[in-house]
1. Pick out, from Phe126, Gly97, Thr151, the residue whose Cα sits farthest towards the positive end of the charge dipole of the range 86-245, with +1 on the Cβ of Lys and Arg and -1 on the Cβ of Asp and Glu.
2. What's the exposure ranking of Leu134, Leu79, going from fewest to most Cβ atoms within 10 Å?
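Throughout, read-outs are computed from the coordinates displayed, never taken from laboratory work. What you see is a predicted model; the values in this text were computed from it and never measured. Backbone-built Cβ (ideal geometry, glycine too); neighbour counts: all protein chains shown.
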Amino acid sequence: MTRLQLSSRIPFARTMAGLLAGMLVLGVTACGSSSSGTAASSTTAAASAAGTPSAGAAPAGYANCTYTPGGKSAKQVDLPNAQEPTAGDATAEIDLGQGAVTINLDRATSPCTVGSFVHLAEAGYFDNTPCHRLTASPTLSVLQCGDPSGTGSGGPGYTYADETTPDMTYPAGTVAMANAGPNTNGSQFFLVYEDSTLPPDYTVFGTITGGLDVIQGIAAKGITGSGNATKPVEPVTISTVTVSD
């Protein structure tokens, strides 16, 4: 089992604090089928990475998405649909023990990511799972969730392509995918509770519209651990994730 660090993917112009912060969070420990952490490549919604074939040409208003089986699933779940909508509003409510966090999901810019997230939520994949990592540095302030095993190495048993753009940023309120390198998205995601400095290598798929103060309150109680294993002093558990259109 190999930890894929993020240092090789952070531009040289980042500060040393940013480099250290980036190495501490947002990575997914590769387990099963691994992927290298070399330079990231951006993709569009309609052009997913090679893998299992999608279901023919996507009709208007939909994108073809390739979800490639691989690795051991931390919780049994089927593959999402091969075609996902590219329009329409969707809202997710993440019920934490400390309070609810509401997210507006962006189907227009990241349909495959939203499709996967909605699929996992509706399958109960996130239910009763821990948010296993918390960082609180001037350049990286995020709560990371989505791994039922709570180890940082768990995923849904499939991966899919990035949906990033070169101008992607991570201000407070951003919801984005953690990964182990280019095109290795699975189930782990992070909630940005203070403006953070990261390279545009992590797919942004939503915005927090309510409950940002809940995450900030969790962070205010402090972190424990060191290196790649910093976590909230007060344990954080997702009870349910409910999605509505």
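1. Value computed over the given set: Thr151.
2. Placing the least packed residue first, the sequence is Leu79, Leu134.
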